[in-house]
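Before any comments, here is the structure.
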Amino acid sequence: MKLLTLPGDGIGPEVMREALRVVDWLRAARGLAITVAEADVGGISIDCHGTPLTDAAFAEAAGADAILFGAVGGPKWEGLPRAARPEQGLLRLRRELGLFANLRPATVHPALLDHSGLTAERARGVDLLFVRELTGGVYFGEPRGQSGHPPERRALDSQVYTEAEIARVAHVAFGLAERRTRRLHSVEKANVMETGQLWRAVVSEIAPKYPDVTLTHMFADNCAMQLVLRPTQFDVIVTDNLFGDLLSDLAGGIVGSLGLLPSAALGAGEPGRTRGLYEPIHGSAPDIAGQGKANPVAAILSLAMALRHSLGEPALALEIEAAVDRAIAGGARTADIGGSHATRQVGDAILAQLG
Ligand code: IPM
Ligand code: MG
């Protein structure tokens, strides 16, 4: 099996280092046969190769079973036009590898209730799974662009969805809901948007194939409020690219830190053996980059997701997740969750739990 790491910018490399120590453990202690290669993405790739993702790096990604991604972006590249920015490396991987289903779990750890942005009472028991559509919508819709001159400039983005794009991500979400508490919320703005109407219609048409799942449609604005007021009403939430981006960050506020949240971007394929790109949903956090303060939990949990969805090793995924839970319960915490541990010390604590 082949793992490609793309550490990227900011805190990406430092959290990746801890995830790679877990890979070493998987090889040594569990006999996992896996090779690891590394390539550049984002700002570092712009600096070294003049593009956010070289064709060679893309080809490596296309040939890997799983891609572990760090983070991209930072103040140095902020002035670049959109099409030349570090983020384009990530967007190209998602789009050209067909990684349309973005799984973003968000679980409140019982030991971290006090760090939730919500009252402990509201946050207790939160166990969400966002299924964000990742290769369509306003992120990629054409036409787009800017035209004109001040004071008459104009900018255009297009939100476009086809029935097939909605249906395939809905099937993923229904399938996941069947294996959880069988509640699925489908989130859009059907009251305002054409794509929202199509989204609602297509999801409704698929629902009868999953009779055990209770489907609820919800407008995205209401969903944002409900997530704050009563997050435990939700289990699986399927939504489009943009709403999924917003609502999954909101989930970071519920859980207490984006530094805890992993994600998986999956294409079509055999469950458990689908090629995927795994990334912590925190960004490059330039303010703390290089200081050894970043929380490596999201990166390590992303590796666990890779074991589950791409590498056919669900038991190893559970083992890592349980070790992370115990390490956090035991007080291994970086500053974002109220502790004073360094990145490396949290890595140490997780490895100690793995034994
Ligand atoms: C995310 C990020 C990305 C996105 C950025 C880095 C392009 O915010 O994965 O949530 O907007 O999808
Ligand atoms: Mg985001």
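Could you pull out every one of the strands (runs of 3 or more DSSP E) wholly within segment 217-326 that has 1 or more residues that are β-branched (V, I, T) and under 14 Å from the mean Cα position of the chain (by Cα)? Steps first, answer last, please.
Numbers: elements: 236-239, 264-266, 276-278.
Counting at least 1 such residues, we get 236-239.
Hey, could you check segment 50-103 for residues that are within 14 Å of ligand 1 (Cβ to nearest atom) and of a type in the set (V, I, T) and say which is nearest to H171 (Cα to Cα)?
The residue in question is I67.
Any idea which of A29, A106 is of a type in the set (A, V, I, L, M, F, W, C), touching a residue at least 40 places away in the same chain (Cβ under 8 Å) and open to solvent by 40 Å² or more (accessible area, probe 1.4 Å)? So that I can check it myself, show each step before the final result.
Values: A106 fails: open to solvent by 40 Å² or more (accessible area, probe 1.4 Å).
Among A29, A106, only A29 is of a type in the set (A, V, I, L, M, F, W, C), touching a residue at least 40 places away in the same chain (Cβ under 8 Å) and open to solvent by 40 Å² or more (accessible area, probe 1.4 Å).
With A327, A323, A315, A335 as the choices, which residue is in contact (Cβ under 8 Å) with a residue 24 or more places away in the chain, open to solvent by 40 Å² or more (accessible area, probe 1.4 Å) and out of contact with any Ser or Thr (no Cβ under 9 Å at 6 or more places or on another chain)?
Details: A327 fails: open to solvent by 40 Å² or more (accessible area, probe 1.4 Å); A323 fails: open to solvent by 40 Å² or more (accessible area, probe 1.4 Å); A315 fails: in contact (Cβ under 8 Å) with a residue 24 or more places away in the chain.
Within the list A327, A323, A315, A335, the selection yields A335.
Considering only segment 147-171, state which residues are hydroxyl-bearing (S, T, Y) and open to solvent by 50 Å² or more (accessible area, probe 1.4 Å). Don't jump to the end; show me each part of the working.
As a first pass, look at segment 147-171 and keep what is hydroxyl-bearing (S, T, Y): 147, 158, 161-162.
Residues satisfying the conditions are S147, T162.
Looking only at segment 237-256, count every residue that is open to solvent by less than 40 Å² (accessible area, probe 1.4 Å) and either in contact with a His (Cβ under 7 Å, 6 or more places away or on another chain) or of a type in the set (A, V, I, L, M, F, W, C) (or both) and tell me the total.
The qualifying residues number 8.
With the structure loaded, tell me whether L99 is part of a loop (DSSP other than H, G, I, E, B) and open to solvent by less than 20 Å² (accessible area, probe 1.4 Å) or whether it fails that test.
On the way: part of a loop (DSSP other than H, G, I, E, B): yes; open to solvent by less than 20 Å² (accessible area, probe 1.4 Å): yes.
It is true that L99 is part of a loop (DSSP other than H, G, I, E, B) and open to solvent by less than 20 Å² (accessible area, probe 1.4 Å).
Listed residues G267, G244, G276; which is within 16 Å of ligand 1 (Cβ to nearest atom), of a type in the set (G, A, S), touching a Ser or Thr at 6+ places or on another chain (Cβ under 9 Å) and modelled with pLDDT of 95 or more?
Working: G267 fails: within 16 Å of ligand 1 (Cβ to nearest atom); G244 fails: touching a Ser or Thr at 6+ places or on another chain (Cβ under 9 Å).
Exactly one residue qualifies, and that residue is G276.
The values are calculated or read from the model by the stated rules, or taken from the named source; none is laboratory data. Quick caveat: nothing in here was measured; it's all calculated off a predicted structure. Neighbour counts run over all protein chains shown; Cβ positions are idealised from the backbone, glycine included. Side chains are part of the model used for accessible areas, which takes the heavy atoms of the whole protein and leaves out ligands, DNA and RNA. Shrake-Rupley method; radii C 1.70, N 1.55, O 1.52, S 1.80 Å.
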